[in-house]
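J.: Let me begin by handing over the structure; questions about it come next.
The values are calculated or read from the model by the stated rules, or taken from the named source; none is laboratory data. What you see is a predicted model, and the numbers here were worked out from it, not measured in a lab. We place every Cβ from the backbone using ideal geometry, glycine too, and count neighbours over all the protein chains shown.
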Amino acid sequence: MAAPVSALGNWVARAVALVGALARFLVEALWATRWLPRAGRRVATRVLIKQVWFTALQAVPLVITLAAILSFLVISQATRELGRIGATELLGRLMVVVIVRELGPLLTALTVAGRSGTAIAAELATNKVMGELTALRAMGIDPLHYHVLPRLGAAVLSVFGLIVVFDLVAIVSGLVAASSSGMTSARYFDIVLDSLTFRDVWLTALKGLIFGIVVGIIPCFHGLAIRGRPTEVPIAASQAVVASIITIFVCSGLFVVLLV
Amino acid sequence: MTAALLVFDNVTLPGGTSRISLEVPPHQAVLVLGSEDSGVDTLPSYALALAKPSAGSVYLFSEEIARLPYRSLLAFRRRVGYLPAGDGLLQNLTLRDNVALPLRYGSDLTEREIRGRLGVMLALLRIGDAGDIRPADATEEQRRRAALARALAFDPQLVILADAFDGLTVRAAGELLDVARGGETSEGARRAVFMTGQYVPARLETRIETRYRLVRGELRTED
């Protein structure tokens, strides 16, 4: 009996220690912005722009595809089922709550975590193995400034921007689905826009910010946490994506419990 | 007498019990050779406070570098040129951007001024044609030349070279050493150079003022 309890205790202790280390890493990264040299800001901005290119712009086709298919499937089914009970006006709330506010941010963050989170963790871990981080420190460049802050900023911008793309595409795709079930576009936009509140907008924006931080900081943390052996690189990438996905779901749950 | 630029004072190497002391005076090249397990490769790390010795002190430009606060330490390191073992070039940057990185990050030079200086540095190291390739596509010699150009970006008084000549021809190694020294003045080399490693071509020894060999934790002067 003692062994499972002990194992559970160990697991919980490790999980708490990991969350603490992550929180500390995030605070250190944000604190480092205070003393980023002016010239260093230019360098960090270059890295940020490159990262936005990889994380956001190259992911646009994937996000558009996901949003279009998901929204089309949900709205075409919903239009038919709600039509049977004469409740098509609920379509707007369904679109706003389920797709725009919940699935949009969730799927976008998962896409970025899977696509770019692994890449960031693997890249930083490889940099550490190759001695690049030591070389940066020797040049007087803090890796938090060069590697972490630009990636964190890019992840926030990218997740936020991709959520906007996802939601816009989902609304348009929902229009196509609703039209194919006989609903006019004027009626569709009426019920969707009537259902959209300011609260939905800021909740979605807040999710973009929080999920962006999660998708940016966790891969950086795992990538830099390795000791420097090449065999640790795939492990860091795997840990980063798993931890990011779990954290995104936990945060999504907390949003529902605390703010909705 | 001018103070030494770099001083190791009773420093313990990893796994060793004996302590070593040595100085790198201005205008001189100092070499410490040693086998892979001698701990010689930790000396550059100690010099830049990238690692701390368990005992003893390291003084860089008369400052005990390990005691500097982190932010001051980062700024202080920019006063030294460092070519790490294995070059330490950033793989996702071209050789040109690698050389430019310390200038872009640590100086207020305009991009135009940086490009001007880059042109001179790359020409001096004879990698002007290879500036746009990434380290993975460059030869070992080109990478080492780019790493040295990066180390010299701020025209430092002191250059630290770790395993700088491994795998290079004698001619290339000689060229790199000459560039690192920065030419000759009436007092000796324009820059002080501190080198560590397992091997230095014998023909270069005449250009190195002080040579040591680290044997079983003991520093022996070589003639």
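J.: Within segment B:195-214, does at least one residue satisfy the condition of being surrounded by fewer than 15 Cβ atoms within 10 Å (Cβ to Cβ) and aliphatic (A, V, I, L, M)?
T.: Checked segment B:195-214: at least one residue is surrounded by fewer than 15 Cβ atoms within 10 Å (Cβ to Cβ) and aliphatic (A, V, I, L, M).
J.: Got a sec? Which helices (runs of 4 or more DSSP H) wholly within segment A:1-103 have at least 2 residues that are among the polar types (S, T, N, Q) and more than 21 Å from residue A:151 (Cα to Cα)?
T.: The helices (runs of 4 or more DSSP H) meeting that bar are A:2-32, A:60-84.
This table checks each residue for (1) aromatic (Phe, Trp, Tyr); (2) part of a helix (DSSP H, G or I); (3) crowded, with 20+ Cβ neighbours inside 10 Å.
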{"residue": "A:121", "(1), (2), (3)": "no, yes, yes"}
{"residue": "A:148", "(1), (2), (3)": "no, yes, yes"}
{"residue": "A:158", "(1), (2), (3)": "no, yes, yes"}
{"residue": "A:162", "(1), (2), (3)": "no, yes, yes"}
{"residue": "A:166", "(1), (2), (3)": "yes, yes, yes"}
{"residue": "A:169", "(1), (2), (3)": "no, yes, yes"}
{"residue": "A:172", "(1), (2), (3)": "no, yes, no"}
{"residue": "A:179", "(1), (2), (3)": "no, yes, no"}
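J.: Of the residues B:55, B:85, only one is among the small types (Gly, Ala, Ser) and either in contact with a helix residue (DSSP H, G or I) (Cβ under 6 Å, 6 or more places away or on another chain) or away from chain A (no Cβ under 14 Å) (or both); which?
T.: Of B:55, B:85, the one residue that is among the small types (Gly, Ala, Ser) and either in contact with a helix residue (DSSP H, G or I) (Cβ under 6 Å, 6 or more places away or on another chain) or away from chain A (no Cβ under 14 Å) (or both) is B:55.
J.: Continuing with the same structure: Filter segment B:98-117 for residues that are touching a helix residue (DSSP H, G or I) at 6+ places or on another chain (Cβ under 8 Å) and β-branched (Val, Ile, Thr); which is farthest from residue A:139 (Cα to Cα)?
T.: Result: B:114.
J.: Turning to a different aspect of this structure: Within the bounds of segment A:236-252, is there any residue that is β-branched (Val, Ile, Thr), under 21 Å from residue A:111 (Cβ atoms), without any contact (Cβ under 8 Å) to a residue 60 or more places away in the chain and surrounded by 18 or more Cβ atoms within 10 Å (Cβ to Cβ)?
T.: yes
J.: Check whether at least one residue in segment A:22-32 is within 12 Å of another protein chain (Cβ to nearest Cβ), surrounded by 12 or more Cβ atoms within 10 Å (Cβ to Cβ), in contact with a Leu (Cβ under 8 Å, 6 or more places away or on another chain) and within 17 Å of residue B:111 (Cα to Cα), and report yes or no.
T.: Scanning segment A:22-32, I find no residue that is within 12 Å of another protein chain (Cβ to nearest Cβ), surrounded by 12 or more Cβ atoms within 10 Å (Cβ to Cβ), in contact with a Leu (Cβ under 8 Å, 6 or more places away or on another chain) and within 17 Å of residue B:111 (Cα to Cα), so the answer is no.
J.: How about segment B:73-120: which of its residues are more than 26 Å from residue A:124 (Cα to Cα) and either part of a helix (DSSP H, G or I) or basic (Lys, Arg) (or both)?
T.: B:79, B:111, B:112, B:113, B:114, B:115, B:116, B:117, B:118, B:119, B:120
J.: Here are some conditions: (1) surrounded by fewer than 21 Cβ atoms within 10 Å (Cβ to Cβ); (2) in contact (Cβ under 8 Å) with a residue 40 or more places away in the chain; (3) more than 7 Å from chain A (Cβ to nearest Cβ). Residue B:72 meets all but one. Which one does it not meet?
T.: It is condition (2) that residue B:72 fails.
J.: Exactly one condition in (1) closer than 28 Å to residue A:40 by Cα; (2) in the same structural domain as residue B:23 (by TED's automatic domain parsing); (3) not hydrophobic (A, V, I, L, M, F, W, C) is not met by residue B:137; state its number.
T.: (2)
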